[in-house]
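Colleague: The structure under discussion is supplied below as structure tokens; questions concerning it will follow.
Laboratory data are not the source of any read-out in this text; all were calculated from the coordinates shown. Because the structure is a prediction, the values reported are computed rather than measured. We place every Cβ from the backbone using ideal geometry, glycine too, and count neighbours over all the protein chains shown.
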Amino acid sequence: MTYGRAEIHALLEAHDLRPSRALGQNFVADANTVRRIVRLAEIGPGDRVVEIGAGLGSLTLALAEAGAQVTAVEVDRHVVPVLRAQVEPAGVRVVEADALTVDLAELLADDGISWSLVANLPYNVAVPLVIRVLEEAPQVRSLLVMVQREVGERLAASAGEDPYGAVSVKVAYWANASVVGRVPATVFVPRPKVESVLVRLVRHEEVAGRLAGPGSADYDRVFAVVRAGFAQRRKMLRRSLSQIVDPAAFEAAGVPATVRAEELDLAAWERLALWTSSDPAESTEPGDQR
């Protein structure tokens, strides 16, 4: 079974709980919404799913109902006992941990079987959590996250679109992302003051072998340049990157002198950041330009 509004209020009252503003707790109180999330995430029997911020278990129970093998992560020590009582009888594994610091390798078995991440993410950790999973948990092949509308649009934005930013470029490196639905504030307890959307991310099959990942010189170089470019997004890149990118790189990379950060797609950022002169006397290695 999944929860309605009456069940959420009853659980909170029975256990003397109040949703934590500091943890961004807004519990889903609508069976149709959680089942819709499971459907959009394409979860079926036997699928391995990690849920971040499980709360009282509304979405958790819908995932278990679909036949998934669910690992539910919850940081609130006051909520965890209630969550365990509600979902462990359905076969769910509950882990009390902070998803931003938990050992992902230990949490997720890396035995060749892929995972999905499905979550109603607290708004204040949505971006760092998504990026952490993309960078550090290759066994997670797809994500379906419910986030604040502005955050979701930024995660899924393409070059030239208003929400496009440094986060959009990094997401594009790892995955295809799209906004797949909207969620009204009325389905939450308490009701948030912002709109929510559902974002689906599917990891690219071929990521390794391009720039590798965090810690590799080329990867770190590209995203250092991206961050610098968007830090002054209204300026022409030739000016905002003048201290870290050789002016000759623009022409060589096919990037116009007047371009601004929001106009460049991932491929253009890579060409610009990684260009080196063919003349060794003029060349500077990417790792030396940080």
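Colleague: Measure off 7 Å from each Cα along the Cα-to-Cβ vector at VAL95 and SER242, then give the distance between these two points in nanometres to one decimal.
Modeller: Simple spin-label model gives 4.8 nm for this pair.
Colleague: Another one. At a Förster distance of 45 Å, what's the computed FRET efficiency of GLU251 paired with GLU150, Cβ-Cβ distance as r, to 0.05?
Modeller: After rounding to 0.05, the efficiency reads 0.80.
Colleague: Quick one: what are the phi-derived ³J(HN,Hα) couplings along segment 228-245, Karplus 6.51/-1.76/1.60 with θ = phi - 60°, whole Hz, x for glycine and proline?
Modeller: Along segment 228-245, the couplings run 5, x, 7, 5, 10, 5, 8, 8, 5, 4, 4, 7, 5, 10, 4, 8, 10, 10 Hz.
Colleague: Give a quick list of trypsin sites (Lys or Arg not before Pro) in segment 111-196 that DSSP marks as loop, anything other than H, G, I, E or B, with at most 15 other Cβ atoms within 10 Å.
Modeller: Values: sites: ARG132, ARG141, ARG149, ARG154, LYS170, ARG182, LYS193; in loops: LYS193.
Hits after loop and neighbour filter: LYS193.
Colleague: I've got another one for you. Using 1/(1 + (r/R0)^6) with R0 = 22 angstrom and r between the beta carbons of ASP265 and SER178, what's the FRET efficiency to the nearest 0.05? All intermediate terms of the calculation are to be shown ahead of the outcome.
Modeller: Details: r = 16 Å, r/R0 = 0.72.
Once the sixth-power term is evaluated, E becomes 0.90.
Colleague: Taking amide H positions as placed in the peptide plane 1.01 Å from N, state which residues far from LEU121 in sequence (5 or more) or on other chains have amide H under 5 Å from it.
Modeller: Close amide H contacts, sequence-distant or interchain: MET146.
Colleague: Let me ask you something else. Which ³J(HN,Hα) values, rounded to whole Hz and listed in residue order, are derived for segment 147-153 from phi using the Karplus coefficients 6.51, -1.76 and 1.60 in 6.51 cos²θ - 1.76 cosθ + 1.60 with θ = phi - 60°, glycine and proline given as x?
Modeller: These are the phi-based 3J(HN,Hα) values: 9, 4, 3, 5, 5, x, 5 Hz.
Colleague: When you have a sec, figure out the Kirkwood radius of segment 72-218 from all distinct Cα pair distances and drop it here in Å to one decimal?
Modeller: When all Cα pairs of segment 72-218 are included, the Kirkwood radius is 16.6 Å.
Colleague: So, one more: Simple spin-label model, 7 Å along Cα-to-Cβ: HIS15 to ARG191 in nm?
Modeller: 2.5
Colleague: If the only charges are +1 at each Lys and Arg Cβ and -1 at each Asp and Glu Cβ, what is the size of the charge dipole of the chain around the Cα centre, to the nearest 20 debye?
Modeller: Roughly 1000 debye for the chain.
Colleague: Here is a further query. Please say if the chain is rounded, prolate or oblate, where rounded means a/c under 1.5 for a ≥ b ≥ c the square roots of the C-alpha gyration tensor eigenvalues, and otherwise the choice is prolate for a/b larger than b/c and oblate otherwise? Display every interim value, and only then the final one.
Modeller: On the way: a/c = 2.68, a/b = 2.09, b/c = 1.29.
It comes out prolate by the Cα gyration axes.
Colleague: From the backbone phi of segment 12-27, what are the Karplus-calculated ³J(HN,Hα) couplings (6.51 cos²θ - 1.76 cosθ + 1.60, θ = phi - 60°) in whole Hz, Gly and Pro given as x?
Modeller: Each residue of segment 12-27 in turn: 4, 5, 4, 10, 6, 10, 10, x, 8, 5, 4, 8, x, 7, 9, 7 Hz.
Colleague: Taking the Cβ of GLU263 as the centre, find all other residues whose Cβ is under 13 Å away and add up their charges (Lys, Arg: +1; Asp, Glu: -1). Write out the running numbers ahead of the final one.
Modeller: On the way: positive: ARG233, ARG234, LYS235, ARG238, ARG260; negative: GLU161, ASP162, GLU262, ASP265.
Around GLU263, the charge tally is +1.
Colleague: Here's another thing I want to ask about it. Considering only LEU107, GLY165, VAL187, whose Cα is most displaced toward the positive end of the charge dipole of the chain, charges sitting on Cβ of Lys, Arg (+1) and Asp, Glu (-1)?
Modeller: So the residue we want is VAL187.
Colleague: Amide H to amide H under 5 Å from PHE188: which residues, 5+ apart in sequence or cross-chain, H placed 1.01 Å off N in plane?
Modeller: Distant-sequence amide H within range of PHE188: ALA29.
Colleague: If you count the DSSP beta bridges with both ends in segment 5-203, what percent of them are antiparallel, to the nearest 5?
Modeller: Working: 17 of 35 bridges.
Within segment 5-203, antiparallel bridges account for around 50 percent of the total.
Colleague: Using the Cα centre of segment 1-97 as the reference point, and only Cβ charges (+1 on K/R, -1 on D/E), how large is the resulting charge dipole? Debye, rounded to the nearest 20.
Modeller: Value, rounded to 20: 140 debye.
Colleague: Can I ask one more? So what's the back-of-envelope 222 nm ellipticity for the chain, counting only DSSP H runs of four-plus at -39500 (n - 2.57) apiece and dividing by all residues, rounded to 500?
Modeller: -9500 deg cm²/dmol
Colleague: Same structure, new question: Would you grab the residues whose amide H sits under 5 Å from the one on VAL95? Only those 5+ places off in sequence or on another chain, please, with H modelled 1.01 Å from N.
Modeller: Those qualifying (amide H under 5 Å, at least 5 residues apart or on another chain) are ALA72, VAL73, GLU74.
Colleague: Hey, another quick one. Gaussian network model of the chain, Cα springs within a sub-10 Å range: biggest mean-square fluctuation belongs to which of ILE43, ILE244, ILE52?
Modeller: Checking each option, the largest mean-square fluctuation is seen for ILE244.
Colleague: While we're looking at this one, here's another question. Obtain the nm distance between the two label points defined at ARG5 and ILE131 by a simple spin-label model: each point lies 7 Å from its Cα along the Cα-to-C-beta direction.
Modeller: So the two model labels end up 3.7 nm from each other.
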